[in-house]
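Here's the structure we're looking at; comments come further down.
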Amino acid sequence: MQFYNAAAPSPRRVRIFLAEKGVELPRVDLDLPGGETYSEAFLRKNSLGQVPVLETDDGSFITESQSICRYIEALHPEPNLFGKDPLERARIDMWDRRMENEIFNALGLIALHSFAHFKDKLTQVPAFAEAQRADMAGKFAWLDAELGDGRPYIGGERFTVADVTGMGAAMIADFLDVSIPDSCTHLQRWNENVRARPSWSA
Ligand SMILES: N[C@@H](CCC(=O)N[C@@H](CS)C(=O)NCC(=O)O)C(=O)O
């Protein structure tokens, strides 16, 4: 197996997941600002020119951070990060999707609509980036209210892939200098807890 990585939030989700599983994979580090993911050779692995990509032992390529994590979970079931029974699996999936849609992707849109690196990738609307930035406080307040039930982790009583997605989002927030408001004490508690995990530095 070979893991195609870069210094960016989506591959970081996989790095954190692998660290939580205690799994090490041979890794190829790509230079994102240098455009290495758009080489002809890499586009044959992922036609979107994005990382992460996992090359499996039979020569298949899995793209999408979450799909790679699911594959790793199937090969290394413990510690379980996707849920143990139908209800827990649904709850974790629900929270993972919420973290991705409401927080991770919302932050990503700020970068996509404001960084020069993405100018040829989409029609940038800088005002939209600013609007997204302004909307983040409300999104954090929503998540904070949810965590107000006292659960320690996003999906419930134990650490799961939904927290991994949240940690990826926290990396984007750091990079964009978007802070969790002081009033969001439950979210602050979660944020401090996950940053204290050894996998935070993966
Ligand atoms: N939905 C994809 C998103 C992958 C993605 O957007 N990767 C970014 C890094 S975070 C990338 O490779 N961007 C290359 C570029 O846009 O130049 C996943 O979760 O794997």
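So the values come out like this:
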item	result
Answer residue from the range 117-131, given it is assigned to a helix (DSSP H, G or I) and of a type outside the set (A, V, I, L, M) and is surrounded by the most Cβ atoms within 10 Å (Cβ to Cβ) among those	Phe128
Set Ala90, Ala41: member being in the same structural domain as Leu143 (by TED's automatic domain parsing) and small (Gly, Ala, Ser)	Ala90
Subset tally (residues that are surrounded by fewer than 18 Cβ atoms within 10 Å (Cβ to Cβ) and farther than 17 Å from Pro79 by Cβ) for the range 132-179	17
Check on Ile103, in a helix (DSSP H, G or I) and either buried (at least 19 other Cβ atoms within 10 Å of the Cβ) or β-branched (Val, Ile, Thr) (or both)	yes
Qualifying residue in the range 59-69 (condition: under 22 Å from Met171 (Cβ atoms) and among the acidic types (Asp, Glu))	yes
Residues within the range 121-145 that are touching a residue at least 40 places away in the same chain (Cβ under 8 Å) and of a type outside the set (Gly, Ala, Ser), tallied	6
Answer residue from the range 1-35, given it is without any contact (Cβ under 8 Å) to a residue 24 or more places away in the chain and within 12 Å of the ligand (Cβ to nearest atom) and is surrounded by the most Cβ atoms within 10 Å (Cβ to Cβ) among those	Gly35
Cβ-Cβ under 6 Å pairs, at least 6 apart or on other chains, the range 158-176 side assigned by TED's automatic domain parsing to the domain that holds Ala137, far side of a type in the set (Phe, Trp, Tyr)	Phe159/Tyr153; Val161/Phe82; Ala162/Trp95; Asp163/Tyr153; Val164/Phe17; Thr165/Phe104; Gly168/Phe104; Ala169/Phe104
Residues (closer than 18 Å to Gly150 by Cα and either in contact with a strand residue (DSSP E or B) (Cβ under 8 Å, 6 or more places away or on another chain) or among the acidic types (Asp, Glu) (or both)) located in the range 173-192	Asp182, Trp190, Glu192
Answer residue from the range 36-74, given it is in contact (Cβ under 8 Å) with a residue 24 or more places away in the chain and of a type in the set (A, V, I, L, M, F, W, C) and is farthest from the ligand (Cβ to nearest atom) among those	Ile72
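The values are calculated or read from the model by the stated rules, or taken from the named source; none is laboratory data. Note that this is a predicted model, so its numbers are computed, not measured. Every residue, glycine among them, receives a Cβ derived from its backbone with ideal geometry; neighbour counts consider all protein chains shown.
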